[in-house]
1. Could you tell me which of the residues G42, G15 is of a type in the set (G, A, S), under 26 Å from S84 (Cβ atoms) and open to solvent by less than 60 Å² (accessible area, probe 1.4 Å)?
2. Please state which of the following conditions M34 fails to meet, knowing it meets all the rest: (1) surrounded by fewer than 16 Cβ atoms within 10 Å (Cβ to Cβ); (2) of a type outside the set (K, R); (3) touching a residue at least 24 places away in the same chain (Cβ under 8 Å).
3. Considering each of L80, L85 in turn, give the residue that is out of contact with any helix residue (DSSP H, G or I) (no Cβ under 8 Å at 6 or more places or on another chain) and within 18 Å of S114 (Cα to Cα).
4. Among the residues of the range 21-74 satisfying the criterion of being more than 21 Å from G8 (Cβ to Cβ) and among the charged types (D, E, K, R), which is nearest to the chain's Cα centre (by Cα)?
5. Please go through the range 95-110 and give me each residue that is of a type in the set (A, V, I, L, M, F, W, C) and over 16 Å from L69 (Cα atoms), ordered by number.
6. Considering only the range 95-112, state which residues are part of a strand (DSSP E or B), farther than 18 Å from N56 by Cβ, touching a residue at least 24 places away in the same chain (Cβ under 8 Å) and open to solvent by 30 Å² or more (accessible area, probe 1.4 Å).
7. Working only within the range 29-51, note down all residues that are touching a strand residue (DSSP E or B) at 6+ places or on another chain (Cβ under 7 Å), modelled with pLDDT of 95 or more and not aliphatic (A, V, I, L, M).
8. Any chance the range 2-10 includes a residue that's touching a helix residue (DSSP H, G or I) at 6+ places or on another chain (Cβ under 7 Å), within 23 Å of E88 (Cβ to Cβ) and open to solvent by 30 Å² or more (accessible area, probe 1.4 Å)?
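The values are calculated or read from the model by the stated rules, or taken from the named source; none is laboratory data. In this text the structure is predicted, and so the values were computed from the model without any measurement. Note that we place each Cβ from the backbone using ideal geometry, even for glycine, and neighbour counts take in every protein chain shown. Each accessible area value is taken on the protein alone, full model and side chains, heavy atoms only, with ligands, DNA and RNA left out. Shrake-Rupley method; radii C 1.70, N 1.55, O 1.52, S 1.80 Å.
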Amino acid sequence: QVQLVESGGGLVQAGGSLRLSCAASGSIFSINAMGWYRQAPGKQRELVAMFTSTGNTNYADSAKGRFTLSRDNAKNTVYLQMNSLKPEDTAVYCCYGRVGIRANWGQGTQVTVSS
């Protein structure tokens, strides 16, 4: 099993920045994909950014040029640096880690961007 714990959400003004962290524990060597999804009120959950099993980094169109996914293998942590935040980025951001075909999720962290 894999446990994912997020941190770093909060309230920020439009144009500001936040960095989200996702610390993984447990069977971390079995994780083959890891990244972030978000879900805004009344909307479906959507991919934000992901390290894929093939070694690529995928970003949602809305995140390209503003968000950067990175990782610190020594700390078993994935980061999402979010710059130039917009009110439409307001959502609960959830860390995702895939083991085989099984999805593992963190508890989520709220990001609120005020206009």
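1. On the way: G42 fails: open to solvent by less than 60 Å² (accessible area, probe 1.4 Å).
Just a single option satisfies the conditions, and that option is G15.
2. Here M34 meets the rest and fails (1).
3. L85
4. The qualifying residue nearest to the chain's Cα centre (by Cα) is D61.
5. V99, I101, A103, W105
6. Within the range 95-112, the first condition is being part of a strand (DSSP E or B), and the residues that meet it are 95-99, 102-105, 109-112.
With farther than 18 Å from N56 by Cβ added as a condition, the list becomes 95, 99, 102-105, 109-112.
Adding the requirement that they be touching a residue at least 24 places away in the same chain (Cβ under 8 Å) leaves 95, 99, 104-105, 109-112.
Those that are part of a strand (DSSP E or B), farther than 18 Å from N56 by Cβ, touching a residue at least 24 places away in the same chain (Cβ under 8 Å) and open to solvent by 30 Å² or more (accessible area, probe 1.4 Å): V99, W105, Q110, T112.
7. G35, W36, Y37, R38, Q39, R45, E46, F51, listed by residue number.
8. No: zero hits.
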